[in-house]
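All remarks here apply to the structure that follows.
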């Protein structure tokens, strides 16, 4: 598509305005802006084009601090480099332990630098660092902290994007690829391997795929599975996990439900008590919006919205039962959670109570009917 001169100017103006708003919020250092400024911002961002510009600029500014100069090899390293470009890297790695150890050291230095640089890191599990047949009999664990995200490239080629406060472990054998999601949220882009199903165990259930893309969010009392590409088989109550990294064992309670087939643009949820939702159509892009820097919800109980927001918040948000049942539709920007909490008073019959410096309570102001 070719943009006219006026369209280009319009886009430029929107991006400049978005940058001005972001600068205003950053300069406020977490303090609430005056009411008239917030009303002006809400009017401006209600325009879809403005919101798009705001989200893109925010991502650019957020990621800019993770950029650094290219890692150029020094003179000594170049002189001692024995890599032969006429052969593959895999063949070269087999030539000797000295070369492999050198590569391991460079990879580990890169990972340490990425962790020190910021909260979004990419971990690439290269051939030569792990068994080339894709086996990893002992679990390998990964974890993100509050507000952090990470990207894992597993040895079979599967990409895993971790949301904040997420913990998982992966175990690969000749016949099966297993991941246990202990907490948080992860998006899996599974490499196709019909001989080895890819199984994610979360809560009292499992999700099995061969080659597809799906998101798994583990809340305090339920698991939500959303498929963005392909089809997965979801078997609620098939397994229970008592410890991250421990092998799954059969659930001792009620008989497992029949596996449900969930395909592109659908989701299913199951809870710790064995209740299972129907497979329903959903906005898959909204379920994975956290990768773009914001959380998006449609008709979601507020208690689950709060649980997701807490993984990105320095202050923990509590919500009472009545307020937690309210259905929320909208976005939550992780860098402005305090402002979002205060804004709930404008759309719901709730009030916010500052419990202490580390906790805030969302409380319903509707009196419960007398018994």
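Any read-out appearing in this document is the output of simple, stated calculations on the displayed coordinates, not a laboratory observation. Please read these numbers as outputs of a predicted model, since none were measured by experiment.
Both radii are taken from the alpha-carbon atoms of the stretch 169-235; with Rh as the Kirkwood radius, Rg/Rh is 0.94.
The Cα center of the stretch 301-371 and the Cα center of the stretch 143-186 differ in position by 29 Å. Assuming 0.890 mPa s and 25 °C, estimate D for the stretch 293-364 with Stokes-Einstein, Rh taken as the Kirkwood radius over Cα pairs, in µm²/s. Approximately 206 µm²/s, per Stokes-Einstein.
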